[in-house]
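The values are calculated or read from the model by the stated rules, or taken from the named source; none is laboratory data. Just so you know, these numbers come straight off a predicted model, no measurement behind them. So basically every Cβ, Gly included, is an ideal-geometry build from the backbone, and we count neighbours across all protein chains shown. For the accessible areas, the whole protein counts, side chains as well, though only heavy atoms, and no ligand, DNA or RNA atoms are used. Shrake-Rupley method; radii C 1.70, N 1.55, O 1.52, S 1.80 Å.
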2 protein chains.
Amino acid sequence: MTDAESSRGVRLVVVGSIGLDTIETRFAKRDEILGGSVSYACMASQLFAPSGMVGVVGDDFPETYTELYQRAGIDLAGLQRVAGRTFRWSGVYEDDMINRRTLSTELNVFETFLPELPETYRQAPFFLLGNISPGLQLHVLNQAESPRFVAADTMNLWIDTARDELQEVISRVHLLTLNDEEARLLTGKHNLLDCADDILAAGPQFVVIKKGEHGAMLLGKNGIFLAPAFPVRAVCDPTGAGDSFAGGFMGMLARDDELSDNHVRRALLYGSVVASFGVEAFSLDRLQALTHSDVEARLDELRRMTMTGLSAT
Amino acid sequence: MTDAESSRGVRLVVVGSIGLDTIETRFAKRDEILGGSVSYACMASQLFAPSGMVGVVGDDFPETYTELYQRAGIDLAGLQRVAGRTFRWSGVYEDDMINRRTLSTELNVFETFLPELPETYRQAPFFLLGNISPGLQLHVLNQAESPRFVAADTMNLWIDTARDELQEVISRVHLLTLNDEEARLLTGKHNLLDCADDILAAGPQFVVIKKGEHGAMLLGKNGIFLAPAFPVRAVCDPTGAGDSFAGGFMGMLARDDELSDNHVRRALLYGSVVASFGVEAFSLDRLQALTHSDVEARLDELRRMTMTGLSAT
């Protein structure tokens, strides 16, 4: 099977990092488990729509991890395997399971990564530019021939070190996602509605401000949508929650191929629910076993926890 | 009109502090404005149900402030006027309009305050024990003859300094409200669901964990309810937001005289909306002008921002 054949059906192209993560929480420690933004995002999106992964690994990347992607059905035509060591990250979560301290970062093969899209990916309608440098995000965007909807994620590092390129990304995407502190850092405003105004003025149709355990806000020209986070009792490892949120969201959009406000809002709820599963285990352990009925059941549970569940009296 | 006559119709008794607040934000400063937990809570609850105020002021308390309570229709039979200076607090909000630093606290007449309920208050069905020492909360509770529903608010100060009395309060009320950090401080747990379990095990039917701009969670034996906060663009002064939230909530419960899960959840949304108005101005400036149609309009807006507003497709 050639790359072109295997990736013919890709509806959503996702680019991001692939890493071997060493993670310690108050409950457990895991060494060199599969991580990275594109791993989480693709595993989430593939549940809803055929997804193609754009990333890089070294020659030490365990075959079992590649097989895990394959078993999920993720298209790997855009996955580069090069000589050298795979990107590695290690960190420790504080007792609150929210704040974390990075112990070490080894860029390795990621340092010279240049994301090249297979021919078939270039015509895909949906793109998720996961959390990598804005320069690489632009490089991917430049290869997209006629994208219908492009979402980009970013973080404080790029706001601090690559603001001009990030501004170009923002001006060219349909949706930007970032967390509340990053929205404040990017705009210099405090009130999140003011932050959103500034970001929307720079081009995107939508901005999603992520607030972790507090959910997310979608803001656009048709108003605000508040997506609650599903309250998770057993948070095992929050790594990748933002990525699986974005992946689940974009997967649903790509599945329905519909961009009405109603669809965008609904997709956000799916992203939120998928992310809530992801944090219940290390790495992709929970996401890889996730079924549609798991997702629908939790979405129903979330409905019962919100205004939707109230009778009109 | 005697006290007994005026307070015949009181459905909800609210106890708490009354203060003259000096408040500075990045936008403005106000000197000796009307504040205190019972001021905010009663102004909010009176919109929905006849409320009686239990508190203390000194002989320097401005007549205009008493008139403001009266114009709102709040029953003042439980308001003690004694010789001395009124309680005073002053603080500065940080630029985020969330964190604040206390500059000074003068207890004054509050130091020897002993809340005595007028005879007619003792038979009231609903009680809100606002944020004062657990000892005073118990003193009020001991005078209630047959309360149907009692809610208590508390704060870190009492968790640190009066834990035993607070535990007694918790064991005797139907609902406890506190913020997320206080829930963690009280229980020593991190996950808010675990915190809620511990608190519920100590007696109350419900616990409300307040998360400020992120909304609130209601937890009880019939599950979780997530009450969103209405996103406010122009936060002028967040002082008293938790009190007007609790007041609006208890006012709605007292109005409907119904304690089904559905009513409790709905009342929480009213509390959330009332609080969102309160922070748009200093002191009670916005709350005193609030109408039912203001509240219903914002509640509709909130519905459109949440899952309730989604069509089923």
> Once the whole set of protein chains is in place, how much accessible area is left on A:Ser90, using a 1.4 Å probe, in Å² to the nearest 10?
Replying inline: 20
>> Give me, ordered by chain and number, the residues 5 or more places off A:Thr154 or on other chains with an amide H under 5 Å from its own placed amide H.
In response: A:Thr177
> region A:96-190: which chymotrypsin sites (Phe, Trp or Tyr not before Pro) are DSSP loop and have at most 12 other beta-carbon atoms within 10 angstrom?
Replying inline: none
> Whole number please: convex hull volume per residue of the Cα set in region B:135-182, in Å³?
Replying inline: 63
> For chain A, what's the relative contact order in percent, using C-alpha pairs closer than 8 Å and at least 6 residues apart?
Replying inline: 18
> Would you list B:Asp95, B:Asp164 from the most to the least accessible area, probe 1.4 Å?
Replying inline: B:Asp164, B:Asp95
> In the structure displayed, which of A:Lys221/B:Lys211; A:Lys221/B:Lys29; A:Lys211/B:Lys29; A:Lys211/B:Lys221; A:Lys29/B:Lys211; A:Lys189/A:Lys211 lie more than 25 Å apart, Cα to Cα?
Replying inline: A:Lys221/B:Lys211; A:Lys221/B:Lys29; A:Lys211/B:Lys29; A:Lys211/B:Lys221; A:Lys29/B:Lys211
> Average projected area of the Cα convex hull of region B:72-184, in nm²?
Replying inline: 8.9
> Can you give the relative contact order of region A:22-163 as a percent, counting alpha carbon pairs under 8 Å and 6+ residues apart?
Replying inline: 20
>> Among DSSP bridges having both ends in the protein assembly as shown, what percentage is antiparallel? Round to the nearest 5.
In response: 40
>> Give me the base-10 log of I(q)/I(0) for region A:161-313 at each q in 0.08, 0.12 Å⁻¹, Debye formula, one uniform scatterer per Cα, rounded to two decimals.
In response: -0.23, -0.53
>> Taking the Cα of A:Arg100, stepping 7 Å toward and past its beta carbon, and measuring to each backbone N in region A:235-265: which are under 18 Å?
In response: A:235-248
> At a probe size of 1.4 Å, how large is the accessible area of B:Arg233, to the nearest 10 Å²?
Replying inline: 110
>> Give the residue list of GluC sites (Glu not before Pro) in region B:1-108 that are DSSP loop and have at most 14 other beta-carbon atoms within 10 angstrom.
In response: B:Glu94
> Looking down the axis that turns B into A, which residue of B has the closest beta carbon, and how many Å out?
Replying inline: B:His214, 2
> Percent of accessible area on region B:230-313 owned by carbon and sulfur, 1.4 Å probe?
Replying inline: 51
> Among bridges DSSP assigns within region A:1-89, what percent are antiparallel (round to 5)?
Replying inline: 35
> When Rg is the radius of gyration of the Cα atoms in chain A and Rh is its Kirkwood radius, what does Rg/Rh come to?
Replying inline: 0.94
> How large is Rg over Rh for region A:17-117, taking Rg from the Cα atoms and Rh as the Kirkwood inverse mean of 1/r across Cα pairs?
Replying inline: 0.99
> Separation between the B:Glu280 and A:Asn142 pseudo-spin-labels, each 7 Å from Cα along Cα→Cβ, expressed in nm?
Replying inline: 4.8
> Taking every residue in A:227-236, how many Cβ atoms of other protein chains lie within 10 Å of its Cβ, on average?
Replying inline: 4
> Taking a label point 7 Å from Cα toward Cβ, how far is B:Asp96 from its twins in the other copies, in nm, shortest first?
Replying inline: 0.8
> Pulled fully out, how much extra length does the chain show between B:Ala297 and B:Thr161, if you take 0.36 nm times their separation in residues and subtract their Cα-Cα distance?
Replying inline: 44.8 nm
>> Leaving ligands and nucleic acids out of the surface, order B:Leu226, B:Leu128 by accessible area at 1.4 Å, largest first.
In response: B:Leu226, B:Leu128
> Rg(Cα) of the protein assembly as shown divided by 2.2 N^0.38 Å?
Replying inline: 1.06
>> Order B:Arg81, B:Arg100 by their accessible area, 1.4 angstrom probe, all chains in place, largest first.
In response: B:Arg81, B:Arg100
